[in-house]
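Input: a single structure, listed below in structure tokens.
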């Protein structure tokens, strides 16, 4: 009788674990015409963890991602919070109109989904989803994602290193021929210094000068700029 009870208890525990653990197939699609996303970080995490909060100052880890595309700090935050994390699923930049698909597991402790990536070209713009509750019911769910401004750098729209605290936009090789040069700067100061919905690039049509190094006919945008498709199994 004791053996039968133990087996029954083990079966109940196993069933409970199967119910509480889910495998998610996630697809991130770049909806823009001329923007690139830097390496993506995505995670299932607890309600105590956040990648960013609208209306709050950006963390140093978010700043590094939003200004230079460096996700290592956010990955460390998620790892220390015992999140289930996927980093750089597209193996580099996610080009306009392209998608990347990856699998992510969540469990009873990690019921919220977040993801983020820097937008190129931009000074400190990023695409992100903060703490979306993962549905318990199997099915396919679609979420449209806005662009945000980290509020940490002036949106001057001119070339730069992309290092935190240094003005200017990083310009990796895929964008080299798409970005102008010798811009004088669109803005000289940032009045909104918390995370907020990005107002978009201004740009201009002068690729050899003008105020902006961004091409206004290619790299401006309207929200949303990304689509997240989540398949809960």
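Brief remarks follow.
- Selection status of residue 180, in contact (Cβ under 8 Å) with a residue 12 or more places away in the chain, in a loop (DSSP other than H, G, I, E, B) and more than 22 Å from the chain's Cα centre (by Cα): yes
- Only one of the numbered conditions (1) in contact with a helix residue (DSSP H, G or I) (Cβ under 7 Å, 6 or more places away or on another chain); (2) in contact (Cβ under 8 Å) with a residue 24 or more places away in the chain is not met by residue 128, and that is (1).
- Taking first residues from the stretch 46-70 that are without any contact (Cβ under 8 Å) to a residue 12 or more places away in the chain and partners that are surrounded by fewer than 19 Cβ atoms within 10 Å (Cβ to Cβ) and assigned to a loop (DSSP other than H, G, I, E, B), no Cβ contact under 7 Å between residues at least 6 apart in sequence or on separate chains turns up.
- Tallying residues that are surrounded by 20 or more Cβ atoms within 10 Å (Cβ to Cβ) and over 14 Å from the mean Cα position of the chain (by Cα) within the stretch 45-58 yields 1.
- If you filter the stretch 125-149 down to residues that are part of a loop (DSSP other than H, G, I, E, B) and more than 12 Å from the chain's Cα centre (by Cα), you find that the one that is surrounded by the fewest Cβ atoms within 10 Å (Cβ to Cβ) is 137.
None of the figures in this text is laboratory data; all of them are computed from the coordinates on show. This one's a predicted model, so the numbers in the text were calculated from it and none came from an experiment. Cβ sites come from the backbone with ideal geometry, for glycine too, and all protein chains shown count toward neighbours.
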